[in-house]
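Any read-out appearing in this document is the output of simple, stated calculations on the displayed coordinates, not a laboratory observation. In this text the structure is predicted, and so the values were computed from the model without any measurement. So basically every Cβ, Gly included, is an ideal-geometry build from the backbone, and we count neighbours across all protein chains shown.
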Amino acid sequence: MCGIFGVMDKRRQMMDGSGIREALSIMNERGSGEGAGYVAYGIYPDYRDCYALHVFFDNPGASKAVVDATLEQWGTIEHDEAIPTCDQPNLKVNCTPWRYFFRPDASLAPGSASPEKDVVTNIVMQINAGANGAEIVSSGKNVGVFKAGGWPEEVADFYRIQDYEGYIWLAHNRYATSSPELWERPDPFNLHDWSVVENGKITTYGANRRYVESFGYNCSTGTDSEVIAYLIDLLARKHGLDINLAIRALAPPYWDEIDRMPEAEQKLNRALRFAYGSATMNGPFTVVAANPDTMIGFTDRGKLRPMVVGECGDRLYIASEETAIRTMEPCVESITRPAAGEPVIGRVAQ
Amino acid sequence: MNSNFGSMPLRYRISIDREQCMECGRCVENCPYGVFRWDGDRILINSRNCTACHRCLTYCPRDAIMLQEHPCDYRSHPVWTRSVRESIYNQARTGKIILAGMGSVSNLPIIFDHLMLDACQVTTPPTDPLREPVELRTYLGKKPSKLDFTQKPNGDVELSTELAPNLMLETPIMLGHMSYGALSLNAHVAMARAAKETGTFMGTGEGGLHPGLYPYQDRMIVQVASGRFGVNIDYLERGAAIELKLGQGAKPGIGGHLPGEKVSADVSRTRMIPQGSDAISPAPHHDIYGIEDLPQLVNSVKEATEYKKPIFAKIAAVNNNAENVAAVARSGVDAIAIDGFRGGTGAAPRVFRDHVGIPIEVAIATADRELRKQGLRNEVSLIACGSIRESTDVVKAIALGADAVYIATAALAAMGCRVCGNCYQGLCSWGIATQRPDLVARLDPDVASKQVANLIHAWTLEITELMGAAGINSIESLRGNRDRLRGYMLDEGLLEILDVKSVGA
């Protein structure tokens, strides 16, 4: 019972975080006031070519040196600072959010098709796996994750979300079931390009985790959205699947449906299920994910969790509830509820 | 030569309630072991011949017959147990290796029974299999690790990865390899029909393919074992898949043994061996002395069948199982069947049956882990076998990493087998593990096939319910999903090897 929200402007026109804050808060019935988070693309134009690493330090005095040393080993830190925050009466601060603007040294990942991302991936895996009091919560260019334990409006006010401007926003209103005290547990989860918010609980976490971990990913938080982010990165970036096909691999059609398809399509879908059986996600979920050019929404094959899509001008909305979309866009032009297994894919104009 | 042992204490005692008995003589007719005989109008009993096959009990119209195991006590002793002492007496008398039938009888804990399954409660809804699809369809064979596409001139992408041949199963339960020769033709026909009816496959074992099974050949996995009995190109071409038998869980490291008594004229023709001769397959394949020889055999079988059929390999689960599996996965085979130490057999030396090998639960877990670690998991499907007793064993084996299972003893039991363990005598009263025509005729293939099909169907329904309760609606989402298992009273070392958390964790 979480609430999720995503909005994208196809022409990269900026939206500040205030509307997203309102949209997420209207779904407070779906949360438990113990966690919320936001991610926005386009927020760091001054450092657009750097990887922005958002890090939670248990205690910067003790752990910052470890992260500094790791980053300097793998590239150059252009700038780093504490993420500006504004104390909220009901928000118990238990870590220090920090941000680095970092240039990875591509020569350290020879032979890779995307060496910078491989370097960043390795850094994230290394830091997050270690018991070093540091957790990297986002690691992409011109993107940042802001999350904490509290109601959406408290978390938004804590980070002053309204001061950031992005062209894609995802947000998550958490109904906590475990570790409410950990600020890294609410969605969004991010790995460089891709950010993920999920309303659901996949029953295949173990199988999916075993699968991605055999490709060198390391699931350190135990959350669905972490494994989903890694699955998308693996399929879309490393295996080069078109995002359509990647979604189909994660939430494939039933065999009965495949049997009825024309032959070429049948072959393609069978091949996807053959190759990615262990990546298939099962159980109830609605996932909204984004990278700098795309926002996607998809559900489990039975659509056990809600997904509402709104369109208005250049804006595409995907949310758990229509009311969230209407809160941000009262004059929304169209509202649709895609059928189970029907993904939504929005792309920014090139 | 005589011994000074005299007669051993009775293993079983048969008694007849003379009040109930109506002297119909069905017990005399039904017992092939000679327990009952007429003495005038009275039925006499020789309990010493009894195997506990229960045939007499089931056909006694008055429930007058009773069987008691170990009616005579030895002095109890925790070290010098009855079976230890009796083995010594036996070997002191004969100087021979003791042969035994069926699977291991050692009283070791069964890991399956210490693994608990998961179900959904509030954070996820269970799936209701009566109203929503739950897919058990299983494909066995090589799967691509990633897919390649080519761009067509019009911009569309087209899959360029060619898929290797796979077997499509409607349920992840197959009927394991038991040879014609060890089993009767009626038993084979019954299982073949059941495989066809339930959309699954059956193994021929190493005894060739009798013409009576040709109508079901597209449901048969033909086996090539070290004795090469019954193997020719016609045999290979008839099978839906071909399995190279490299080992057997009941007797790792040694070959097979079909006693000459069971080599009837028909068995002789099917196996291509002389009638009445013992069929002893060698311990190794004499063309495989090293792992590098296995790909040659795999490739020659693939060449012979034009790469149209999946090739399986079956190995026994032993200490270096993970290494063996990784080695075989590189040989070009499409699936590996792993046979645990509790696997059944018609005849095996007792010491092998009870002391050599490792449990299937561990073997599957380590195989799956090693294949994933080496990036080979999609190269082969894994089939678990060796003491799969019920539907929960199937679910647990798959959650530990198997793609499908072979059942064998369970299928025999579905046809009436009482697991008496005397298959090697060739006198099976149920007409299953015998070639004696009058006994074979006792097994009606129509009836027996229905029973086997019923069993597979019932397990399939139970698996569907268990998956639905766990919120899983396709079998590949169960595979290797060890998160959905918990170990109950398993030690920490074993939990780590199984990669399963303890209950409560």
Mean Cα-pair separation over length for the range B:164-261, i.e. relative contact order, pairs under 8 Å, 6 or more apart, %: 24 percent
Net charge dipole size for the protein assembly as shown [Lys, Arg +1 and Asp, Glu -1 on Cβ; Debye, nearest 20]: 3440 debye
Spatial separation of Cα centroids for the range B:443-505 and the range B:179-241, in angstrom: 27 Å
Point-charge dipole on Cβ atoms (K/R +1, D/E -1) for the range A:311-350, about Cα centre, debye to 20: 80 debye
Shielding by other protein chains, A:235-241, mean Cβ within 10 Å: 2
Average partner coverage of B:125-131, which counts Cβ from other chains inside 10 Å: 2
Rg over Rh, two decimals, chain A (C-alpha only, Kirkwood Rh): 0.95
Per-selection Kirkwood Rh - the range B:133-286 (Cα, Å, 1 d.p.): 17.3 Å
The range B:388-438-the range A:62-125 distance, computed between alpha-carbon centres (Å): 59 Å
Positive-end residue of A:Ala340, A:Ile20, A:His172, charge dipole of chain A with Cβ unit charges: A:Ala340
Check: the range B:328-396 dipole with +1 on Lys, Arg Cβ and -1 on Asp, Glu Cβ, in debye: 140 debye
Residue-wise HN-Hα coupling along the range B:24-34, computed from phi with Karplus coefficients 6.51, -1.76, 1.60 (Hz; x: Gly, Pro): 7, x, 5, 5, 4, 5, 7, 7, x, 8, x
Given charges at Cβ of Lys, Arg, Asp, Glu: the range B:95-149 dipole, positive-most of B:Gly95, B:Pro109, B:Gln121: B:Gly95
Neighbour-count order for A:Asp233, B:Asp293, fewest beta carbons within 10 angstrom listed first: B:Asp293, A:Asp233
Cα gyration tensor shape for the range B:210-337, rounded if a/c is under 1.5, else prolate or oblate: oblate
Span per principal axis, largest first, for the Cα atoms of the protein assembly as shown (Å): 106, 62, 50
Quotient of Cα Rg and 2.2 N^0.38 Å for the range A:228-350, N being how many residues it contains: 1.12
Highest-fluctuation residue, A:Ser178, A:Ser195, A:Ser18 considered, GNM on chain A with Cα pairs under 10 Å: A:Ser178
Beta bridges by DSSP in the protein assembly as shown, antiparallel share as percent, to the nearest 5: 75 percent
Relative contact order (percent, whole number), chain A, Cα cutoff 8 Å, 6+ residue spacing: 24 percent
Neighbour-count ranking [beta-carbon atoms within 10 angstrom, fewest first] of A:Leu24, B:Leu99: B:Leu99, A:Leu24
Ratio Rg/Rh, restricted to the range B:110-159 and using Cα atoms, in which Rh is the Kirkwood radius: 1.23
Cα gyration tensor shape of the range B:372-449, rounded if a/c is under 1.5, else prolate or oblate by comparing a/b with b/c: prolate
Cα gyration tensor shape for chain B, rounded if a/c is under 1.5, else prolate or oblate: prolate
Which of B:Cys428, B:Cys27 has the fewest Cβ neighbours within 10 Å, and the rest in rising order: B:Cys27, B:Cys428
Considering only the range B:234-366, percent of DSSP beta bridges that pair antiparallel, nearest 5: 20 percent
Chain B - percent relative contact order, Cα under 8 Å, separation 6 or more: 19 percent
Count of Lys pairs (Cα-Cα under 29 Å; at least 8 positions apart or interchain) in chain A: 25
Separation between Cα centres of the range B:1-52 and the range B:305-342, rounded to whole Å: 46 Å
Averaged over A:257-264, number of beta-carbon atoms from partner chains that fall within 10 Å: 1
